[in-house]
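The values are calculated or read from the model by the stated rules, or taken from the named source; none is laboratory data. Being a predicted model, the structure only gives us computed values, none of them experimental. Here Cβ is always computed from backbone atoms with ideal geometry, including for glycine, and neighbour counts include all displayed protein chains.
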Amino acid sequence: MSYLAIAWLCLLAFFVVIVLEMFLPTAGILFVLSVVLALAAVVAGFMHSIYLGALMVVLLVVSMPVLFALFSRIWPHTPLGRRLIILAPTPESILPPSVLDDSISQYKGAKAEVLSPMLPTGSIRIGEKTLVATCESGAVETGQWVRVVRVQMNRLFVVPVDMTDDLQSPGGFEQKLDQTVQVTMQDFEWDGDTREPRST
């Protein structure tokens, strides 16, 4: 077999072995073999001619960045890579609930449309964003409107709009308080004008 054929066969074997190294747990054995094949391709190329040897060197030098980029992108997604690489912790695993709540606390008090029946949890839409929320007053049908009343443990809690509009309207709280006082006075049949003056 001529040095020309040996050089090209060693170069081809180098690429095959280095790709197999990405997927097979060989403890670096295939990597060492690939280095030997690369050196053999260069030596056989120079034994054939200086031009073929230089071509082998150029091909190997050019392929190194490509192989490294391919390795860094593909290997973490292989079964071996997923077992060896430690994934970065998620925010939910390291941050306290109070910090996580800040990301959705902006929706507190917002009015939302119900996209799916809330039994009591369902999907709502605030602006252009779809979120999951829990209704505190029971089931709510699709198409109705709710309002976010609180955020807890990175979850939205809502109530139907008709339960909050009165309290949020101008003078709403005072009106509700007056109605409650009037009902209480009627229940106890108390009249403020019947109080007798205090004796001296």
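The table below lists the values:
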item	result
Residues satisfying the stated conditions in the stretch 8-29, i.e. within 20 Å of residue 66 (Cβ to Cβ) and at pLDDT 85 or above	8, 10, 11, 12, 13, 14, 15, 16, 17
Number of positions in the stretch 25-49 that are farther than 12 Å from residue 3 by Cα, in a helix (DSSP H, G or I) and of a type in the set (Val, Ile, Thr)	4
